[in-house]
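Below you'll find the structure, written out as structure tokens, and then a few comments.
The values are calculated or read from the model by the stated rules, or taken from the named source; none is laboratory data. Keep in mind that what you see is a predicted model, and the values were worked out from it rather than measured. Here Cβ is always computed from backbone atoms with ideal geometry, including for glycine, and neighbour counts include all displayed protein chains. SASA here: full protein model, heavy atoms, side chains in, ligands and nucleic acids out. Shrake-Rupley method; radii C 1.70, N 1.55, O 1.52, S 1.80 Å.
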Amino acid sequence: MSLRADSVLRVRWWLSFTSDGARCRGPAAGNGDLVPIVSTGNTAQVPDEPVLRCAELTRRFGERLAVDDVSFSLDAGEIYGLLGPNGAGKTTTIKMVCGLLEPDGGTITIGGRPAAGDLSVKSLVGYVPQDVALYSDLTARENLAFLGRLYRLHGALLEERVSEALELTDLSDRAGDRVDSFSGGMKRRLNMAAGLLNHPVLLVLDEPTVGVDPQSRHAILERVQTFGRGGMAVLYTTHYMEEAERVCDRVGIVDRGRLVAEGTRRELVARLGQRDRIELGAAGDLERLAAAVRTVPGVESADTADHAVHLVAEDGRRILPAILEAAERAEVALNSVDVVEPDLEAVFLHLTGTALRE
Amino acid sequence: MRAIAIARVSIRRIVRDRTALFFIVVLPVIVILIVGAAERGFTTFRVGVVDLGAGQAGRQLTTAFEHSSDLAVSRYATLAALRKAVARGELNVGVVLPSGMDVTEGRGGTVAVGVMAEQANSSQQAAATAVSSVIAGQGAKVQAARFASVHGSGTFEENLARAGSLQPHVAQVGLRSQTADSSHNVLPEGFSYSAPTMLVFFVFLNALAAGASIIETRQLGMYERMTAGPVRRGTIIAGETLAYFTMALLQATLIVVVGGVAFGVSWGDPLAATVLVALWALVGAGAGMLSGTLFHTPEQASAIGPTAGIALGMLGGCMWPLAIVSSTMRQIGHLTPQAWAVDAWTSLLSRSGTISSIAPQLAVLGAFAALFLVSATVRLRRVVA
Ligand SMILES: Nc1ncnc2c1ncn2[C@@H]1O[C@H](COP(=O)(O)OP(=O)(O)O)[C@@H](O)[C@H]1O
Ligand SMILES: [Mg+2]
């Protein structure tokens, strides 16, 4: 192995991480005396049916197949993540689930009942849209009170639900302030609060942490986990691998409209076998670097994203010297090499040949 | 219930918007005040008089013209000067008092008083009518004087003077009722003119501007959020219709109350006025919702909406009576709902009209309301989806 002195700044080995099996399922620490929302229970729920079942969902926009034969289901208390890059079809899927888009094919049942056009089924669902949907010239409380009335809540119960939703999203002290005075993170939290007013059986969150400061993001993720423990079924979309790993019990990996794999984190990672993901940080021509390392025996796929080349390789640690040589031949100066233990990003790269981009 | 919640939130947002409030509350009152103070004289016709040696009879007729509240009289020295003033439109009509008028009258002969008008538009016809009725009133006095001098005592001149002094008690009644005809097709002067026209004007204009709120609600993703909940599209549309109707009704009521209390406007037959206001609020609601589906951005709606409202208001006779424009412009004006509403108010305020006398206008306004509301509903269904 011959390396130029400055070519490798660091070689990191991520050997220690918690396995998903160890994921805490007990009551959240630091939760105070807040009682997580427990779905009030839908008497119309068909026993032994999953809360949400999507079967062979398909949706086109003109020529483009936005969602292609997607099937999945989720049970009460389960957090299911749809993980995929922008344009994968996550929002389209969610809008079909929430009755905002008609599927071209396939069926959706919620609590065992067909969702199409049934208002009583709609009132079982809490929808948190990808783009914040609130009246910016009304206060937080006014927004929630209005949305609560749409669920036929009124009087003391409405007030109670509004206060509860504000409390769950840590916005009680700003309840009387207009939304346009809120930070991005606060708007996102209020956006989520609005989805909780009806004590949904199924909570649908479409990328709830996009553009949010780390603190708000942490708070949102924490809360979502609490909802799952409280018995709610949560459908969660994201293009952040770490989020899916952190909050979701099961993950469906979507790419170009197709659900390419599904399972717990452990199940998905197991599909990698002995493969590793390697991240090559470099300043030069990344495409050239990617092309060079693809020729190395053992490298399955390589793609560029976020100023790095990501590759999945059979027994990555063993072939690392060959990869570094290929980089040198391509005359691209590396400034970091990370061999990452198998994660969902590696699974995604392995299954789709493309890296998940920020 | 949910429709009411939707209506309430829409109204609350409009009421919370300071600019909107200015346009809804402050501006109409200011404009009614200014226009009411300035626009006196649509029912006063400018009359020029040239006296070619008509003697006492001519002087009396001129004085009679000057006493008529419908006429503003200027005297001209020569026939040519009078002709020029009529041709330039400085005068609605010119009156020529022939020489030897008193002599002819005294003899009981026929006097030809020349009335000149440039082109026969309705205001000139009305002016000519007003002049004729003054002449007719004077004619009655001349006849009385002749009757007295033939069958009683005194000379013709003495009796003519006496008939003139009796005028306030006798002839005035006939004179009034005749000249009233000439102002039937315009609203009364002052605030009674400005308040009803500005009601028509501002209800419509502000409704168009308020279309911005529908566009904003769509852009904010609120319609999507509502339809994700247990809310039908029809409920949302009903809620918005209710909101726009209520806002238009509040705007109209404000002007009716301020007009009545502060400016002493009498709004005519209460039932007819109520129906007219309600129907006009429906027209406004439909137009406002339509504007919310036609424009793409809130800025467009709040810029183009009022501009369109002003243009339609001008065409429809909110700024000046359609009675004074050419018949072509009057016909074009009646393509706007405003013209029909102003016509209806004119009937109520100037002719003591009732609901049956404004039935044709109400029918046309009903058709406008239906047209706007139906097309707005059709388009809003797509917006909400
Ligand atoms: N209303 C639409 N009209 C046309 N194409 C659309 C529409 N909505 C989404 N798409 C397309 O469908 C695909 C999936 O989009 P989306 O579901 O928003 O993806 P994601 O939420 O995973 O980013 C994209 O290619 C997108 O451009
Ligand atoms: Mg999306």
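Here are some notes:
- For the chain pair A and B, buried accessible area totals roughly 2400 Å², probe 1.4 Å, rounded to the nearest 100.
- The portion of the accessible surface of chain B made up by carbon and sulfur, rounded to a whole percent, is 63 (1.4 Å probe; DNA, RNA and ligands excluded).
- Accessible area of B:Leu250 in the full protein assembly, 1.4 Å probe (Å², nearest 10): 100
- Taking every protein chain into account, the 1.4 Å probe leaves B:Ser302 with about 60 Å² of accessible area, to the nearest ten.
- With every protein chain in place and a 1.4 angstrom probe, the accessible-area ranking of A:Asp131, B:Asp51, largest first, reads A:Asp131, B:Asp51.
- Chain-alone versus full-assembly comparison, the range B:12-26, residues with accessible loss of at least 20 Å² (1.4 Å probe): B:Arg12, B:Arg13, B:Arg16
- When A:Met186, B:Met289, B:Met1 are compared by accessible surface with a 1.4 Å probe, the order from highest to lowest is B:Met1, A:Met186, B:Met289.
- Among B:Ser352, A:Ser183, the order of accessible area from largest down is B:Ser352, A:Ser183, computed with a 1.4 Å probe on protein heavy atoms.
- Anisotropy class of the range A:274-341 from Cα gyration tensor, a/c 1.5 cut: prolate
- Aspartates and glutamates whose Cα lies under 18 Å from that of B:Lys84, excluding same-chain neighbours fewer than 8 positions away: B:Asp51, B:Glu118
- The protein assembly as shown, dipole about Cα centre (Lys/Arg Cβ +1, Asp/Glu Cβ -1), debye to the nearest 20: 2220
- Average accessible area per residue (Å²) across the protein assembly as shown - probe 1.4 Å, nucleic acids and ligands excluded: 43
- Shielded residues, the range B:215-231 - accessible-area loss of 50 Å² or more between chain alone and all protein chains, probe 1.4 Å: B:Leu220, B:Met222, B:Glu224, B:Arg225, B:Ala228, B:Pro230
- Spatially proximal aspartates and glutamates relative to A:Lys95 (Cα-Cα < 14 Å; intrachain offsets below 8 disregarded): A:Asp104, A:Asp131, A:Asp206, A:Glu207, B:Glu224
- Taken along its three principal axes, the alpha carbon spread of the range A:221-288 comes to 49, 26, 25 Å, from the longest extent down to the shortest.
- Surface share of carbon and sulfur [accessible, 1.4 angstrom probe, percent] for chain A: 49
- For the range A:119-156, heavy-atom accessible area (probe 1.4 Å) falls by no less than 40 Å² from the chain alone to the full protein assembly at A:Leu119, A:Lys122, A:Tyr127, A:Ala133, A:Tyr135, A:Asp137, A:Leu138, A:Glu142, A:Phe146, A:Arg149, A:Leu150, A:Arg152.
- Per the Cα gyration tensor, the protein assembly as shown maps to an equivalent ellipsoid with semi-axes of 84, 28, 19 Å, ordered largest to smallest.
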